[in-house]
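See below for the structure under consideration.
The values are calculated or read from the model by the stated rules, or taken from the named source; none is laboratory data. None of these values were measured; they are calculated from a predicted model. A quick note on method: Cβ atoms are made from the backbone with ideal geometry, for glycine too, and the neighbour counts reach across all protein chains shown. Only protein heavy atoms, including side chains, enter the accessible area calculation; ligands, DNA and RNA are left aside. Shrake-Rupley method; radii C 1.70, N 1.55, O 1.52, S 1.80 Å.
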Amino acid sequence: MDAFSIIVNASATSLHISLLAIAFNPIAWNIVARNEYKNKTITRIFGGNARHGCYFLAIMIFSSGMLRDNLYQRALSDQPRVPMLSAPYDILIPVVLFAIGQLFVVTSTWALGITGTFLGDYFGILMDHRVQGFPFNVLRDPMYVGSTMCFIATALWYERPAGLLVSLYVYIVYLIALRFEGPFTDMIYSKRASTKKAL
C-alpha cells in the first residue's frame with residue numbers, strides 16, 4: 001500500500017460524485033447567469049419580473065450548495081481516517097476555522113443582500129455602489145474564501161486528509177470561476193457607467 005492510498009481512497013464513487021458536484025455549481029450558475037444577461041430566459045419565465053427570477057435562481061444556487069456540502073460529507077465518510085492534529089487542536093482549529101469561514105459567508109450575504117449575492121447584476125439588478133465594509137475590507141472574495149475554510153475545517157474535524165486535497169480543489173475551482181465572473185461583472189457595471197455618462 002503506497003503513501004497516497006493510506007490517506008485517499010481514490011476509487012470511492014462518493015469522492016468522484018463530490019468532485020463533480022463541486023465543479024458543477026460555479027460552472028452551471030455562470031452559464032445560467034450569462035444566458036440570463038443575454039437572453040433574459042428566467043426573467044421571461046417569471047413574466048418579465050427580474051427580481052422574482054433572481055430569487056428563483058438564489059433558491060436553486062442555495063439548494064445545490066447544500067447538496068454539494070452533503071455529498072462532500074458523504075465522500076469524507078468513505079475516506080481513510082488519519083489523525084492530523086493533537087488534542088486540543090484537533091477540536092479547536094476546525095471549530096475556529098469553521099466559525100471564521102461562516103462569518104465571512106454570512107456577513108458577505110448580509111452586506112450584498114440576496115440579489116447582490118446571487119447574481120442579481122446578471123438580471124439587471126445592479127447595486128448603487130461597490131460594497132466596501134466588512135468583510136470586503138478584509139478580503140476581495142470573502143464568500144469563496146469562507147466557503148473554502150469550511151471545507152478545510154470539515155476535513156480536519158472528521159480527520160480525513162483526503163478532505164484537505166478536496167478543499168484545495170475547491171479553492172482552485174473558485175479561482176477559475178472568478179476569472180470568468182470578475183471581468184464579466186466589471187463589464188456590466190462599466191456599461192451602466194457609460195450609459196449614465198451618455199445621458
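Here are a few things to note about the model shown:
- Trypsin sites (Lys or Arg not before Pro) within region 41-96, DSSP loop, no more than 14 other Cβ atoms inside 10 Å: ARG81
- Distance between region 142-199 and region 65-83 - C-alpha centres, whole angstrom: 21
- Nearest-0.05 FRET efficiency for VAL95 and HIS129, computed from C-beta distance (R0 30 Å): 0.25
- Once the 1.4 Å probe is applied to the protein heavy atoms, region 72-199 comes out at 58 Å² accessible per residue.
- Here LYS191 and LEU103 are evaluated by their C-beta separation; at R0 = 30 Å the FRET efficiency comes out at 0.35.
- Neighbourhood net charge (13 Å Cβ-Cβ; Lys/Arg +1, Asp/Glu -1) for GLU36: +4
- If R0 equals 22 Å, the separation of the Cβ atoms of ASP2 and LEU67 corresponds to a calculated FRET efficiency of about 0.10.
- When the chain is treated as a Gaussian network with alpha carbon springs shorter than 10 Å, the biggest mean-square fluctuation among GLN73, GLN132, GLN102 belongs to GLN132.
- Of the solvent-accessible surface of region 3-79, computed with a 1.4 Å probe over protein heavy atoms with every protein chain present, carbon and sulfur atoms account for 69 percent.
- GNM top mover of HIS52, HIS129, HIS16 - the chain, alpha-carbon springs below 10 Å: HIS129
- For ILE22, neighbours were defined as the other residues whose beta-carbon sits under 14 Å from its Cβ, and their charges (Lys and Arg +1, Asp and Glu -1) total +1.
- Theoretical ellipticity at 222 nm over the chain - DSSP helices of four or more residues, -39500 (n - 2.57) apiece, nearest 500: -26000 deg cm²/dmol
- Fraction of accessible area attributable to carbon and sulfur, region 102-199 (%, probe 1.4 Å): 66
- Axial C-alpha extent at least 30 Å, average Kyte-Doolittle at least 1.0 - helices from the chain (DSSP): 89-117
- Three-way shape label, region 23-136, alpha-carbon gyration tensor, a/c 1.5: oblate
- Over the chain, Cα pairs under 8 Å with separation of 6+ residues give a relative contact order of 28 percent.
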